[in-house]
Amino acid sequence: LFSAIEMAPRDPILGITEGFNADKNPAKVNLGVGVYYDDNGKVPLLECVRKAEAILMEKLAPRTYLPIEGLAAYDKAVQELVFGADSAVVQEKRAVTVQAIGGTGALKIGADFLQRFSPNSQVWISDPSWENHRALFESAGFVVNNYPYYDAATRGVNFAGMLDALKTMPSGSIVLLHACCHNPTGADLTDDQWTQVIEVVTQRGLVPFLDMAYQGFGDGIEADGKVVRRFAEAGGALFVSNSFSKSFSLYGERVGALSIAAATAEEASRVLSQLKRVVRTNYSNPPTHGGQVVATVLATPELRALWEEELAGMRVRIREMRQLFVKQLKEKAPAHDFDFVIKQRGMFSYSGLTKVQVEALRDNNSIYAVDTGRICVAALNSKNIDNVIDAIAKVL
Ligand code: LMR
């Protein structure tokens, strides 16, 4: 059986961390994976999480199986966060939420569900998109296409190209959209552009699948989640995957969710019943700890306020790093214009570095980035930025 099996390629993102972990250089920097590090280069344990864990430790509840769809308190809190507690979809019980194994797990559950009920639809992802989007939907059995998104010349969105593509997709096509902090480019749509996208998606009967892995890293929780609410108000089937990996710094706990908005409460209950079958045949039911932590924070007013404060702190520090990155590159590489980095949103910068430059950074300086030139600005800090800038100036 195994003799004919070929070596699979390294994962384009997590494979970088494997290389980074094996690197013995004490000055190494991992700008590859999307993880927020504090100014000391450490992944923070948020105070709101610490406090929620202390509450849970006091209760020390037995670890029985959760329901297939996850912890009820978690699903409710997520649904209210994603759609708004006072939204029509929540009030009319047209929304369903299942706890998932991170944002990736949510995408997988959504993809498997769609493959079961819309197997002839094709999936459209942005060009470029998070590397795993294509792989996830292809492995669920879909043909995956790209719609134009990033314009390297303007370092912004090729909105006319994107809209034209949406206008020619067959009805029922599944369109993967990044709700905020586009991964990998950091280039987001404006409110007005979203209005046009929502209009076309609705008119043409496309199925929007919003991936929201970075809520709170753009402009704030409310502002970043606004587009989800706008899609929900427009009616029609809507898929939303969200993740607390970054916003709660709970990467390894794998806490995410898939939410779906349906037309009626009765339709929603049928959808939920089928989602449960998908979960059951993937991993049976989700783990307890991460979901309990997030549910506790979201349902406890002081902890929720603390979370918002801590999330704002991460957002502000990333912005400061963007400013410093641009300022220092102006000094060290004045022939190159990096002002666009300040406009990009979220954890990433699509830096424009080529694959050869990325390889040189890795081989000469133990600075790791994605081959596409995506760097994680959230991994820069006041101690490593000088090294990073010197190295980038050299490869430029
Ligand atoms: C990333 O894009 O780096 C993150 O979403 C982590 C991952 O799973 O790829």
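Things worth noting here:
- Of all residues making up the stretch 314-352, the number that are away from the ligand (no atom under 16 Å from the Cβ), buried (at least 18 other Cβ atoms within 10 Å of the Cβ) and outside any helix (DSSP H, G or I): 1
- Of all the listed residues (Gly84, Gly105), the sole one being in contact (Cβ under 8 Å) with a residue 60 or more places away in the chain, in contact with a strand residue (DSSP E or B) (Cβ under 8 Å, 6 or more places away or on another chain) and closer than 30 Å to Gln344 by Cα is Gly105.
- Residues of the stretch 44-74 that are over 20 Å from Gln99 (Cβ atoms) and at pLDDT 95 or above: Pro44, Leu45, Glu47, Arg50, Lys51, Ala54, Met57, Glu58.
- Only one of Val240, Val278 that is under 19 Å from Ala111 (Cβ atoms), in contact (Cβ under 8 Å) with a residue 40 or more places away in the chain and under 21 Å from the mean Cα position of the chain (by Cα): Val240
- The conditions of being surrounded by fewer than 20 Cβ atoms within 10 Å (Cβ to Cβ), away from the ligand (no atom under 16 Å from the Cβ) and at pLDDT 95 or above are not met by Leu81.
- The set of residues from the stretch 62-81 being touching a residue at least 12 places away in the same chain (Cβ under 8 Å) and among the hydrophobic types (A, V, I, L, M, F, W, C) comprises Leu66, Ile68, Leu71, Ala73, Ala77, Val78, Leu81.
- Checked against (1) more than 26 Å from Met314 (Cβ to Cβ); (2) more than 16 Å from the ligand (Cβ to nearest atom); (3) assigned by TED's automatic domain parsing to the domain that holds Leu275, Ala111 meets all criteria but (2).
- Residues of the stretch 220-257 that turn out to be within 16 Å of the ligand (Cβ to nearest atom) and under 27 Å from Leu189 (Cα atoms), as a count: 14
- Residue match in the stretch 287-294 (condition: in contact with a strand residue (DSSP E or B) (Cβ under 9 Å, 6 or more places away or on another chain), of a type in the set (Val, Ile, Thr) and assigned to a helix (DSSP H, G or I)): yes
- Reported count of residues in the stretch 371-388, each being touching a residue at least 24 places away in the same chain (Cβ under 8 Å) and over 20 Å from Lys42 (Cα atoms), is 3.
Yes/no per residue for (1) β-branched (Val, Ile, Thr); (2) closer than 16 Å to Phe209 by Cα:
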residue: Ser118; (1), (2): no, yes
residue: Val157; (1), (2): yes, no
residue: Ala160; (1), (2): no, no
residue: Gly186; (1), (2): no, no
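- Any hit, the stretch 20-29, residues being outside any loop (DSSP other than H, G, I, E, B), within 16 Å of the ligand (Cβ to nearest atom) and among the polar types (S, T, N, Q): yes
- When the residues of the stretch 304-313 are filtered to those that are among the hydrophobic types (A, V, I, L, M, F, W, C) and in contact (Cβ under 8 Å) with a residue 24 or more places away in the chain, the one that is surrounded by the fewest Cβ atoms within 10 Å (Cβ to Cβ) is Ala312.
- Residues considered: Glu53, Glu58, Glu6. Of these, the only one that is outside any loop (DSSP other than H, G, I, E, B) and free of Cβ contacts under 8 Å to residues at least 40 places away in the same chain is Glu58.
- Cβ pairs under 6 Å, 6+ apart, first in the stretch 327-356 and more than 11 Å from Thr185 (Cα to Cα), second within 16 Å of the ligand (Cβ to nearest atom) and of a type outside the set (Val, Ile, Thr): Leu353/Gly373; Lys355/Asp371
- Check on Asp75, part of a loop (DSSP other than H, G, I, E, B) and either in the same structural domain as Tyr283 (by TED's automatic domain parsing) or surrounded by fewer than 19 Cβ atoms within 10 Å (Cβ to Cβ) (or both): no
- Among the residues making up the stretch 358-369, none is over 23 Å from Asp38 (Cα atoms) and under 22 Å from the mean Cα position of the chain (by Cα).
- Pro301 meets the conditions (1) under 22 Å from Tyr251 (Cβ atoms); (2) surrounded by fewer than 22 Cβ atoms within 10 Å (Cβ to Cβ) in every case but one. The failed one is (1).
- Candidates in the stretch 370-390 are the residues that are in a helix (DSSP H, G or I) and under 18 Å from the mean Cα position of the chain (by Cα); of these, the one that is farthest from the ligand (Cβ to nearest atom) is Val377.
The values are calculated or read from the model by the stated rules, or taken from the named source; none is laboratory data. Note that the coordinates shown come from a computational prediction; the quantities given were computed from them, not determined experimentally. Counting neighbours? That spans all protein chains shown, and the Cβs are built from the backbone with ideal geometry, glycine included.
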